[in-house]
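Participant: Can you read through this structure? Questions will come right after.
The values are calculated or read from the model by the stated rules, or taken from the named source; none is laboratory data. On a predicted model such as this, the values are computed, not experimentally measured, just so you know. Cβ sites come from the backbone with ideal geometry, for glycine too, and all protein chains shown count toward neighbours.
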């Protein structure tokens, strides 16, 4: 286990979600900056956390949400991460930096989103990440091209998982974020979680090893 990994252990998914929400609320309340940015991932795992944040954040006026990664699909597609984010936070009063889908070029859409977040965010305060069963984070899948991109903060990536293309934050951006939280729950994540704890060869471990500190919230025994 890396010394830079700080673990919060919960008894179940709901408790883990509540723990993460409370950690984020604490970070927001401590911040004295005009804006506080939060990178949101998609999938089923963080939904409860997002719902808790929607109820527990009292003032969204200084919150900026951005999308960590997106399947390159129209926003009304059921698999769209942006659709999930919007469904929970669209009426919150927060500033939501949406990933736009052109249907023409994933690379150009990634470049446009990179410019959008750069123009609107001075500091990447907090990022919420899930972890796939293969250890991927964001859309940084094993052996995909984006794994080795050290120049850009947001890129297109060919993955052929649920969608052929993704647009995703890179290790460069995730390394720069002040706080990164890995939310890893469910018995199907037990094996990859053990690999992470053993400092294995996964995208999650690459990020952990590149950062001074990363937080892990889990309901699994480790």
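Participant: Scanning for something touching a strand residue (DSSP E or B) at 6+ places or on another chain (Cβ under 6 Å), without any contact (Cβ under 8 Å) to a residue 60 or more places away in the chain and under 28 Å from residue 51 (Cα atoms), does region 122-136 turn up at least one residue?
Facilitator: No: region 122-136 contains no residue that is touching a strand residue (DSSP E or B) at 6+ places or on another chain (Cβ under 6 Å), without any contact (Cβ under 8 Å) to a residue 60 or more places away in the chain and under 28 Å from residue 51 (Cα atoms).
Participant: Another question, if that's okay. Give me the pairs: first residue in region 143-164 and at positive phi, second residue outside any loop (DSSP other than H, G, I, E, B) and surrounded by 14 or more Cβ atoms within 10 Å (Cβ to Cβ), beta-carbon distance under 7 Å, and six or more apart or on different chains, which are they?
Facilitator: What qualifies is 162/71.
Participant: When you scan region 182-198, do you find a residue that is assigned to a loop (DSSP other than H, G, I, E, B), closer than 30 Å to residue 102 by Cβ and under 17 Å from the mean Cα position of the chain (by Cα), even just one?
Facilitator: Looking for residues that are assigned to a loop (DSSP other than H, G, I, E, B), closer than 30 Å to residue 102 by Cβ and under 17 Å from the mean Cα position of the chain (by Cα), one finds none in region 182-198, hence no.
Participant: Does residue 44 count as at pLDDT 95 or above and surrounded by fewer than 22 Cβ atoms within 10 Å (Cβ to Cβ)?
Facilitator: Values: at pLDDT 95 or above: no; surrounded by fewer than 22 Cβ atoms within 10 Å (Cβ to Cβ): yes.
No, not satisfied.
Participant: Give 4, 51, 18 a once-over and let me know the one that is within 22 Å of residue 132 (Cα to Cα), surrounded by 16 or more Cβ atoms within 10 Å (Cβ to Cβ) and in contact with a helix residue (DSSP H, G or I) (Cβ under 9 Å, 6 or more places away or on another chain). Working first, answer last.
Facilitator: On the way: 4 fails: surrounded by 16 or more Cβ atoms within 10 Å (Cβ to Cβ); 51 fails: surrounded by 16 or more Cβ atoms within 10 Å (Cβ to Cβ).
So the residue among 4, 51, 18 that is within 22 Å of residue 132 (Cα to Cα), surrounded by 16 or more Cβ atoms within 10 Å (Cβ to Cβ) and in contact with a helix residue (DSSP H, G or I) (Cβ under 9 Å, 6 or more places away or on another chain) is 18.
Participant: What are the pairs, 6+ residues apart or on separate chains, where a residue within region 80-100 that is closer than 19 Å to residue 55 by Cβ has its Cβ under 7 Å from a residue that is in a loop (DSSP other than H, G, I, E, B)?
Facilitator: So the pair list comes out as 84/42; 92/60; 93/60; 93/61; 94/60; 96/90.
Residues are listed down the side, and each one gets a yes or a no for (1) in contact with a helix residue (DSSP H, G or I) (Cβ under 7 Å, 6 or more places away or on another chain); (2) assigned to a strand (DSSP E or B); (3) surrounded by fewer than 22 Cβ atoms within 10 Å (Cβ to Cβ):
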| position | (1), (2), (3) |
| --- | --- |
| 99 | yes, no, no |
| 107 | no, no, yes |
| 110 | no, no, no |
| 113 | no, no, no |
| 116 | no, no, yes |
| 124 | yes, no, no |
| 132 | no, no, yes |
| 143 | no, no, yes |
| 155 | yes, yes, no |
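Participant: Give me the residue from region 1-53 that is closer than 16 Å to residue 94 by Cα and in a strand (DSSP E or B) and, out of that set, farthest from the chain's Cα centre (by Cα).
Facilitator: Among those residues, the one meeting the criterion is 36.
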